[in-house]
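Accompanying notes for the structure given below.
The numbers here are math on the coordinates, done by the rules we state, and not lab data. Model, not experiment: these values are computed from the prediction. Positions of Cβ are generated from backbone atoms using ideal geometry, with glycine treated the same way; all protein chains shown enter the neighbour counts.
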Amino acid sequence: MKALLVCEYREGKLLEGSYELISFADRLGVEKAIVLVGSENAVPKADARVYLANAAAWAEYNPEIHRKIVLEAVQRESPDYIVFLHSSYGWDLAPRVAAALKAAQISEVASLQDGKFEVSCCNGKMRRTVTSATERTVVTIQAGAFSFSGEPRGVPRVEMIAPPVAASAVEFIGYEAAEKKDVDLAKAAVIVSAGRGVGKKENVAAIDALAKALQGELGASRPVVDAGWVPHSHQVGTTGQTVSPKLYVACGISGAIQHLAGMKKSEFIVAINKDKDAPIGEVADVLVVADVNQFVPALTAKLRK
Amino acid sequence: MKILVCIKQVPDMESKFKVNAKGVWYEETDLAFRMNEYDEYAVEQAVQLKEQLGGGPEVTVLSIGPDRVLEPVKKALAMGCDRAVHLKDDDSSGKDPWQIASAIAGFSRDKNFDLIFTGMQSQDRGSAQVGAIVSELLGCACVTTVVHFAFNDGIVTAKRELEGGLKCIVRFRLPAVVTCQLGLNKPRYPTLPNIMKAKKKEIVSQAAAGFAATEALSGTGEFYVPAKKGRGIILEGDVNEMADRLIGILKEKTTVVR
Ligand SMILES: Cc1cc2nc3c(=O)[nH]c(=O)nc-3n(C[C@H](O)[C@H](O)[C@H](O)COP(=O)(O)OP(=O)(O)OC[C@H]3O[C@@H](n4cnc5c(N)ncnc54)[C@H](O)[C@@H]3O)c2cc1C
Ligand SMILES: Nc1ncnc2c1ncn2[C@@H]1O[C@H](COP(=O)(O)O)[C@@H](O)[C@H]1O
């Protein structure tokens, strides 16, 4: 069996996640080949054939051309699996490649269960194993689920793919940098975060009061930021900040993977949730099953004494 | 201009999920259903574009599933969509993303939609596939995970969300499929007058089977509750007692409470 790993490159660099693909292929126990739309000086270190197309020939991101290059590598290598990260790049490109090959796609694989692909569903509350009914299978893997340990080593055998001439309907204009942050949550010893479970904007004040009582900072989940209750600079998660305080208190936060990715390395985690089965329970050292709007003010009052 | 918005009905994620008799999906009884969160942004964007263009575009909302999906369809009509198509399938949860996408593409093929909005992913299955497959089947452009959308003189400028707060700016012409990410806009709440008006809007029902691919490419082996890692303490009961116990634990286990 063989896997073609679609590595990622952005703003002139190979993205670290590319090594998670290698780690996944190793755990699956299959041969590997790599395809990268990037540049000669950013080729992954691995003992494998690397199909390289130079991204400098056009702007970095162009879905139509990337799709053609991956399909070209599939043709040359004839893999059983075509593996992407479940990332902004992977979920853009993987279904196009899968549809073009009329191949099954298994999205966001979180673990291997006796060789079966396990994915999480229902916002992290349930799991399922997904089977493929096609000769080739496209897989996207959950970020962080197949982490790579050790120093990358190996000598890639680079084979060039000439950038295909393809008119693309989508024109890449450029990147927009992340907003400047006015709070550096990464330095905080205590973070108390508000989730959608707090119910409304007015209730965020009580969460902030608990943060103050613990001499910490206010954090937030994404819906709370999207709704405009808390500025984006406080968001914790894949599209916010990654934090590892001594104490993290999650108030009315369900524990979606994108939130966990930003806080699960905290030293001690307390979750306050009315749902005993909320996935945040999987990482919490203490799960308080309660209405956050009753429990938090009570806790704050006692801490102030 | 003709716009299509695809919406899925999903269970409220705060529900308690039970495994169904076949062992491949959730048992539906006792679940409360709602519109997939990502699709609310899709509906809102379509309606905003219609308003921007002085009401010119016609917005069709489409949903595949059993009769219960009429509920979010009516909500979309009350939010401002013009008409609805219900592609009826009592076993839509047993269909894979390829079959769902083929039904949407099959229905759309001869309708010349300029824009098709979908959610970036569905909350229950979370495959993040349907939108991109539809574009592939229709042979049109596709822009995914959009957090900003602006239409001017026939050209769309959009921002795609990448990791760590970085965004990617792209420009494209129609026809195109756009998949919507959280935070793209502020989905409106239907007002009572608009709910009343929506009752007069047309809902066409057709069998999904007439459009969808018959063969699934992927399937569910087993559906189950994750094994509890059981690392934590669970506190339940009286609020004041729990607060005292929590403070005790924090004093013992952390250095931040003394
Ligand atoms: C590409 C991508 C990137 C993302 N990036 C991020 C990110 O950076 N950060 C992030 O947080 N999310 C991110 N998300 C969104 C993420 O998937 C979840 O939707 C989000 O984290 C959910 O936020 P939440 O837990 O506050 O809300 P919900 O999931 O709605 O959970 C609310 C919780 O509150 C509980 N609750 C309700 N009422 C009460 C009450 N009265 N008392 C106590 N508990 C109550 C409920 O039981 C539930 O568990 C991203 C999603 C995508 C697709
Ligand atoms: N049954 C359905 N009916 C209509 N649209 C759907 C259906 N299932 C998925 N979609 C659309 O496809 C998007 C992505 O779904 P998925 O690929 O399942 O994560 C959703 O946000 C919807 O816009």
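Tabulated data
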quantity	calculated
FRET E, pair B:GLU222, A:LYS265, Förster distance 51 Å, beta-carbon r, rounded to 0.05	0.95
Calculated FRET efficiency for the pair A:ALA57/B:ILE234, C-beta based, R₀ 45 Å, to 0.05	0.20
Inter-site label distance for A:GLU179 and A:ALA167 at 7 Å from Cα along Cβ, in nm	3.9 nm
Inter-probe distance in nm under a simple model that places probes 7 Å from Cα toward Cβ, at B:ARG188 and B:ILE169	2.9 nm
Peptides ranked, highest mean first, by Cβ atoms within 10 Å: ranges B:186-196, A:131-141, A:196-206	A:131-141, A:196-206, B:186-196
Order by protection proxy (mean Cβ within 10 Å, highest first), peptides A:266-275, B:155-164, B:200-209	A:266-275, B:155-164, B:200-209
Average beta-carbon neighbours from other chains, 10 Å sphere, peptide B:213-219	6
Cut-off 18 Å (backbone N to label point 7 Å along Cα→Cβ of B:ILE203), residues of the stretch B:39-77	B:40, B:43, B:59-77
Nitroxide proxy distance, nm - points 7 Å out along Cα→Cβ at A:LYS102 and A:LYS187	5.9 nm
Global geometry of the stretch B:121-258, whether rounded, prolate or oblate, following the gyration tensor of its Cα atoms and the 1.5 cut on a/c	prolate
Per-residue average of Cβ from other chains inside 10 Å of A:256-263	1
About the Cα centre, charge dipole magnitude for the stretch A:1-86 (Lys/Arg +1, Asp/Glu -1 at Cβ), debye	100 debye
Candidate aspartates and glutamates for bridging to B:LYS88, where Cα separation is under 16 Å - those fewer than 8 sequence places away on the same chain excluded	B:ASP67, B:GLU71, B:ASP96, B:GLU202
For the protein assembly as shown, calculated [θ]222 nm from helices alone, where every DSSP H run of n ≥ 4 adds -39500 (n - 2.57)	-7500 deg cm²/dmol
Long-range lysine pairs (8 or more apart or interchain), the stretch B:188-258, Cα under 29 Å	4
Dipole magnitude of the stretch A:185-304, debye to nearest 20 (Cβ charges: Lys/Arg +1, Asp/Glu -1, about Cα centre)	200 debye
Rel. contact order, % - alpha carbon contacts under 8 angstrom, at least six apart, chain B	23 percent
Ranked by how many other beta carbons lie within 10 Å on average, peptides A:154-167, B:242-255 from highest	B:242-255, A:154-167
